[in-house]
Amino acid sequence: MANPSNPLWNEIRRQGQRILHAVQSEIAGLEQQLDALRREADRWRSVLQGKGGPIPRGAGGKLGRGGSKRHSMGGRSALSRGPSVDWDAVLKRLPATFTSGDLEKSTPKLKSRPRARIMALARWSKFGAIKKVESGKYRKA
């Protein structure tokens, strides 16, 4: 069993808590997106079934007069979400053993969004795509 007074255990616990928080935040964001998409689907279903209501126009949940001002991404614009990143391609471009710095260099568009990298590392780790070698250093599985 782990010794709670061990400094290594404390560091592992802190990192685990950070990763858990990042994953929970991502889940919450995805749930908001899913709720917004469900609302948009309900609005379209209502219009198509002739039940009245505002007439949707365009994409992304934008509605005609009198409709909700919410958008399909929980009210966040494409700018506030940041640049789109193909994380599978990023992982393929990284060397077999890489550091956090390597990940930063391979995603320069995310300079203002370092948390996106942390979430990617958490996701890759969760799905077994990478293994942590040491602090800030990872190996592809």
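Values for this structure:
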| quantity | calculated |
| --- | --- |
| Residue list for the range 111-140, restricted to those being touching a residue at least 24 places away in the same chain (Cβ under 8 Å) and either in a strand (DSSP E or B) or under 14 Å from R93 (Cβ atoms) (or both) | A120, W124, A129, I130, V133, K137, Y138, R139, K140 |
| Members of the range 35-47 that are loosely packed, with under 12 Cβ neighbours inside 10 Å and either within 27 Å of M119 (Cα to Cα) or in the same structural domain as R123 (by TED's automatic domain parsing) (or both) | R38 |
| Options A116, A129, A96; residue that is of a type in the set (A, V, I, L, M), buried (at least 17 other Cβ atoms within 10 Å of the Cβ) and outside the structural domain of L20 (by TED's automatic domain parsing) | A116 |
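To keep it simple, each residue is scored yes or no on (1) within 15 Å of S125 (Cα to Cα); (2) of a type in the set (G, A, S).
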site: N3; (1), (2): no, no
site: W9; (1), (2): no, no
site: R13; (1), (2): no, no
site: G16; (1), (2): yes, yes
site: A22; (1), (2): yes, yes
site: A28; (1), (2): no, yes
site: Q32; (1), (2): no, no
site: D35; (1), (2): no, no
site: R39; (1), (2): no, no
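The values are calculated or read from the model by the stated rules, or taken from the named source; none is laboratory data. Just so it is clear, the structure is predicted and the values come from calculations on it, not from any experiment. Quick reminder, even Gly has a Cβ in these numbers, built from the backbone with ideal geometry, and neighbours come from all protein chains shown.
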